[in-house]
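J.: Below you'll find the structure I mean.
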Amino acid sequence: MANIKSAKKRVLVTETKTERNKSIKSKVKTSIKKVDAAIAANDKAAAAEALKGATTEIEKALTKGVYHKNTAARKVSRLSKAVNKLD
């Protein structure tokens, strides 16, 4: 552990932010898994609905600084492409 007061505070702040980021990333991963499950089940309506939710979660993560804008765009693009391939 650090000896300087400001360094101790930085450690605590970093732990807090890490937990927050983990939580947000977990939500995004869960929403992506829901889309993938709907795609695997070949259910276009459910996949489209799950895609809407996943896109929202990814956008929230983007605005909170958890993901870079290109990473968020890539994730949304890949999911949209997969859902649009369903017949």
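J.: So which residues in the stretch 53-87 are modelled with pLDDT under 95 and hydrophobic (A, V, I, L, M, F, W, C)?
T.: Correct list: L86 only.
J.: Give me a count of the residues in the stretch 34-47 that are among the aliphatic types (A, V, I, L, M) and either open to solvent by less than 50 Å² (accessible area, probe 1.4 Å) or on the phi > 0 side of the Ramachandran plot (or both). Explain how you work it out, then say what you get.
T.: Here is the first cut: in the stretch 34-47, the ones among the aliphatic types (A, V, I, L, M) are 35, 37-41, 45-47.
Next, only the ones that are either open to solvent by less than 50 Å² (accessible area, probe 1.4 Å) or on the phi > 0 side of the Ramachandran plot (or both) stay: 35, 38-39, 46-47.
Of the residues in the stretch 34-47, 5 are among the aliphatic types (A, V, I, L, M) and either open to solvent by less than 50 Å² (accessible area, probe 1.4 Å) or on the phi > 0 side of the Ramachandran plot (or both).
Residue-by-condition table, conditions (1) closer than 17 Å to L86 by Cβ; (2) over 19 Å from the mean Cα position of the chain (by Cα):
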{"site": "S6", "(1), (2)": "no, yes"}
{"site": "E19", "(1), (2)": "no, no"}
{"site": "K27", "(1), (2)": "no, no"}
{"site": "D36", "(1), (2)": "yes, no"}
{"site": "D43", "(1), (2)": "yes, yes"}
{"site": "K52", "(1), (2)": "yes, no"}
{"site": "I58", "(1), (2)": "no, no"}
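The values are calculated or read from the model by the stated rules, or taken from the named source; none is laboratory data. Keep in mind that what you see is a predicted model, and the values were worked out from it rather than measured. Glycine gets a Cβ as well: all are built from the backbone with ideal geometry, and neighbour counts include every protein chain shown. Just so you know, the surface numbers come from the protein's heavy atoms only, side chains and all, with ligands and any DNA or RNA stripped out. Shrake-Rupley method; radii C 1.70, N 1.55, O 1.52, S 1.80 Å.
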